[in-house]
Ligand SMILES: Cc1cc2nc3c(=O)[nH]c(=O)nc-3n(C[C@H](O)[C@H](O)[C@H](O)COP(=O)(O)OP(=O)(O)OC[C@H]3O[C@@H](n4cnc5c(N)ncnc54)[C@H](O)[C@@H]3O)c2cc1C
Ligand code: FES
């Protein structure tokens, strides 16, 4: 594990914070969709997707959920955290890519937009405009196209990210669809695309502990696949056991 200094904390939406971390010793460069384990002294070590990597600085987008993510989101420049990784398998889809995201699931697509530029379109879904904030400008500054959906219609299209993604897929051809965010959104997308003969790639959020294939805590339900070595991106059909465990069977 490498110590890293928090050099910036930007509130990018009403709830999510983009932290820029500067490791005191260089860490290995990450590939798209990979993640680091981030440790806050006195609390836990949690997996965080790479939201950006410039020079040797790592950015993470934090959505407060429990004690560790809440403390991380309110950390200040100068605070020290621990960083381990990157973990997982880089996932860089070829061709024209449609990313469908909700909540902190958008984090890896900010980094992906730096690598894919105009090959990437991101559909970002939220309840209202306050949850959208600066995210479109972060993605667009790297050349990606952004389409926003809000459930209350206060920004962009009125409806869900899945509704908007289906509209885009009806109008344009994409070579790959990849999604990250709330499990209910991922399941609804997978089911809708199955009806169109398509299968999205899904970013899974299982419990990551060792990150090295040793403890088995990140095994995908119903498979022998380990998220920390082979994920976090899996085909929808491989992620279905996990989705049924966290969302329930319908
Ligand atoms: C590959 C991957 C990438 C992720 N990327 C992001 C991201 O970019 N931004 C973001 O905000 N969130 C991300 N998450 C989710 C984030 O890691 C969890 O929300 C966080 O671990 C919750 O910790 P907590 O203590 O704040 O909350 P709680 O839900 O209270 O967690 C309670 C306990 O469970 C542990 N825990 C909960 N979920 C996980 C988990 N998935 N893995 C390991 N331990 C867990 C915590 O360490 C803590 O000990 C990602 C998860 C995965 C698997
Ligand atoms: S986290 Fe231990 S095997 Fe994957």
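None of the figures in this text is laboratory data; all of them are computed from the coordinates on show. On a predicted model such as this, the values are computed, not experimentally measured, just so you know. Backbone-built Cβ (ideal geometry, glycine too); neighbour counts: all protein chains shown.
Quick look at the values:
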item	result
Ellipticity estimate at 222 nm from DSSP helix runs (n ≥ 4, -39,500 (n - 2.57)) divided over the chain, nearest 500	-7000 deg cm²/dmol
Computed label-point distance, nm, for sites residue 217 and residue 44 using a 7 Å Cα→Cβ extension	0.7
Prolate/oblate/rounded call for the stretch 2-87, Cα gyration tensor, a/c under 1.5 rounded	rounded
Simple label model, 7 Å out from Cα along Cβ direction - residue 76 to residue 191, nm	4.7
Separation between Cα centres of the stretch 188-246 and the stretch 48-124, rounded to whole Å	18
Residue-span extension gain [residue 198 to residue 22] - 0.36 nm each, minus C-alpha spacing	59.3 nm
Estimated FRET transfer efficiency when R0 is 35 angstrom, pair residue 65-residue 173 (beta carbons, to 0.05)	0.45
Candidates 59, 74, 203, ranked by Gaussian network fluctuation over the chain, Cα under 10 Å, top entry	74
Extension gain from residue 229 to residue 128, taking 0.36 nm per residue of separation minus the Cα-Cα distance	32.8 nm
Relative contact order computed over the stretch 1-119 (Cα-Cα under 8 Å; 6+ residues apart), in percent	33
Dimensions in Å of the chain - Rg and Dmax from alpha carbons	17.2, 50
The chain: angle of helix 161-171 to the longest principal axis, Cα-based, in degrees nearest 10	50
Estimated D of the stretch 125-180 in µm² per second, where Rh is the Kirkwood radius over Cα pairs and Stokes-Einstein applies at 25 °C, 0.890 mPa s	205
Sorted largest first, extent of the stretch 189-250 alpha carbons per principal axis (Å)	38, 20, 15
Degrees, to the nearest 10: 183-194 long Cα axis against longest axis of the chain	40
0 to 90° range, to nearest 10: angle between helix 236-247 axis and the chain longest Cα axis	70
Convex hull volume of the stretch 91-195 per residue (C-alpha atoms, cubic angstrom)	89
